[in-house]
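K.L.:
Supplied in structure tokens, the structure appears directly below.
None of the figures in this text is laboratory data; all of them are computed from the coordinates on show. As the structure is a prediction and not an experimental result, all values here were calculated from the model. We place every Cβ from the backbone using ideal geometry, glycine too, and count neighbours over all the protein chains shown.
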């Protein structure tokens, strides 16, 4: 911190190399400044943070539901896999960022294209980890369930899904990280609010300390979401601990 | 022995390789009939088809020819009338002891109160009272196998199929489990088909020891064990029989 402060002061280019103190000052200014349209009450920093969080949560929730659902189907039934795998394997290597132009054509600016990109980014890791988890259901557990009288649906719900739960949770954790990155990318280009937009805006006004303050907020918010998910995971997978 | 509970009638099993035409004959013309409430042990060298035979009786595999009957009805699929216990326990790690034991009655849609009563009774029978809330990761190998046995008993099966259930346990635990299994058998009088590598274990437990020959698997010889329970490992008759069966298996390997 001291080295940073010293080096930035020595450079004597405050608009390019903000010092820690100037970043803290910028955070204070951003907290006090009026928020984005419709969120004036929250202040600029918290308003944009809330907008970004809401986009991530919406996109991630959509990805979690669709990814887990489709992953269970593909991971459990060979036929579904043979049918859907080629489509998925072609779509998967396309980076979410490559979808930005199309997302703006389809959804314009703001909430919808951001949610779309987050969904796209988070969907594949969630899907693939769910598929992996379902496929790796121990055959012995399926056999035991059969001898105990379980039918095909009961085996899916009571053996396949819980057995895949650790893998599904890993997919959700990776998915939220990628979703968060996609959010910032979407807001840098296709938005007029949110943390991504905010750091881009202060880039154009040459206020690096406010850009860094925004970046710091992105880091903190992402970290908090990750912690939240980890807590949820420990709760669901309590049986793995001990 | 009252009536024939389990009849294995001329059963053969051939496994086809996935690619190419190569095939392995695991069992050829296997015949055995087991009485109601009888305790039978299957012994033989590795790869003689013991596990395959249990899976066929369980209905997890289908015979290439021949048929298996329980109470005169042919086996076509797995069912709660046959409980299976694996060597590596195969417990559901996300369910506690009660949750594991209750699985059978649960999928068979037994009413909740009755389900829990059954689970409690079976957990008590295997000597795990008070551990119902523990998870498999908190249990020792011996306790896990007790849970697996309780789970198999919870459906009140006609036949209990056990595939080297004590194979992975240390000698002390193994001896204790053998004694306790005989105790359970005494109470419940299930028909038990028990696969083991250990001749001593077979002679200690079974009313009849079936020696299998390998390549392909079939019945080689059958030894009735005319010793009363509880048996003593140092008894002269016990030792003589153990040696005879061991020699019988060794002859097969040579």
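K.L.:
Would you mind ranking B:41, A:182 by Cβ crowding within 10 Å, fewest neighbours first?
P.N.:
Placing the least packed residue first, the sequence is B:41, A:182.
K.L.:
Averaged over its residues, how many other protein chain Cβ atoms are within 10 Å of peptide A:146-159's Cβ atoms?
P.N.:
Mean inter-chain Cβ contacts per residue within 10 Å come to 6.
K.L.:
How much FRET efficiency would the formula 1/(1 + (r/R0)^6) give for residue B:15 and residue A:84, where r is the Cβ-Cβ distance and R0 is 30 Å, rounded to 0.05?
P.N.:
0.45
K.L.:
Please arrange B:135, B:69 by how many other C-beta atoms lie within 10 Å of their C-beta, fewest to most.
P.N.:
The most exposed by this proxy come first: B:69, B:135.
K.L.:
Can you give the angle from 0 to 90° between the axis of helix A:2-11 and the longest principal axis of chain A, with both taken from C-alpha atoms, to the nearest 10?
P.N.:
Its long axis makes an angle of about 50 degrees.
K.L.:
Is chain B best put as rounded, prolate or oblate by its Cα gyration tensor, with a ≥ b ≥ c the root eigenvalues, rounded for a/c under 1.5, and otherwise prolate when a/b is larger than b/c, oblate when not?
P.N.:
It is oblate, given that a/c is not under 1.5 and a/b is not larger than b/c.
K.L.:
Return the calculated 222 nm mean residue ellipticity for chain A, to the nearest 500 deg cm²/dmol, obtained by summing -39500 (n - 2.57) across DSSP H runs with n ≥ 4 and dividing by the residue count.
P.N.:
Roughly -25500 deg cm²/dmol at 222 nm, from the helical runs in chain A.
K.L.:
Mind telling me which of B:142, B:79, B:104 comes out most flexible in a GNM of chain B, alpha-carbon contacts under 10 Å?
P.N.:
Highest fluctuation of the listed residues: B:79.
K.L.:
Take every Cα-Cα pair in chain A and report what % of them are more than 22 Å apart.
P.N.:
Looking at chain A, the distances longer than 22 Å represent 61 percent of pairs.
K.L.:
If you average the C-alpha positions of the range B:65-99 and of the range A:149-194 separately, how far apart do those two centres end up, in angstrom?
P.N.:
35 Å
K.L.:
Sticking with this one: Could you tell me how many degrees, from 0 to 90 and to the nearest 10, lie between the Cα long axis of helix A:20-32 and the main elongation axis, the longest principal axis, of the Cα atoms of chain A?
P.N.:
80 degrees
K.L.:
Additional query: Please tell me the relative contact order of chain B in percent, rounded to the nearest whole number, where contacts are Cα pairs under 8 Å and at least six residues apart.
P.N.:
Across chain B, relative contact order equals 26 percent.
K.L.:
Could you give the spread of the C-alpha atoms of the range A:105-242 along their three principal axes, from largest to smallest, in whole angstroms?
P.N.:
Principal extents (largest minus smallest coordinate, Cα): 70, 39, 16 Å.
K.L.:
Highest GNM mean-square fluctuation, chain B, Cα pairs closer than 10 Å: which of B:54, B:42, B:128?
P.N.:
Top of the fluctuation ranking is B:128.
K.L.:
Got the relative contact order for chain A handy, in percent, Cα pairs under 8 Å and 6 or more residues apart?
P.N.:
With pairs under 8 Å counted, the relative contact order is 25 percent.
K.L.:
How do A:115, A:21, B:225 rank when sorted from fewest to most other Cβ atoms within 10 Å of their own Cβ?
P.N.:
Ordered by Cβ neighbours within 10 Å, fewest first: A:21, B:225, A:115.
K.L.:
Sticking with this one: Kindly express, to the nearest 10 degrees and within the range 0 to 90, the angle between helix A:111-135's C-alpha long axis and the longest C-alpha principal axis of chain A.
P.N.:
So the helix axis and the longest Cα principal axis differ by about 30 degrees.
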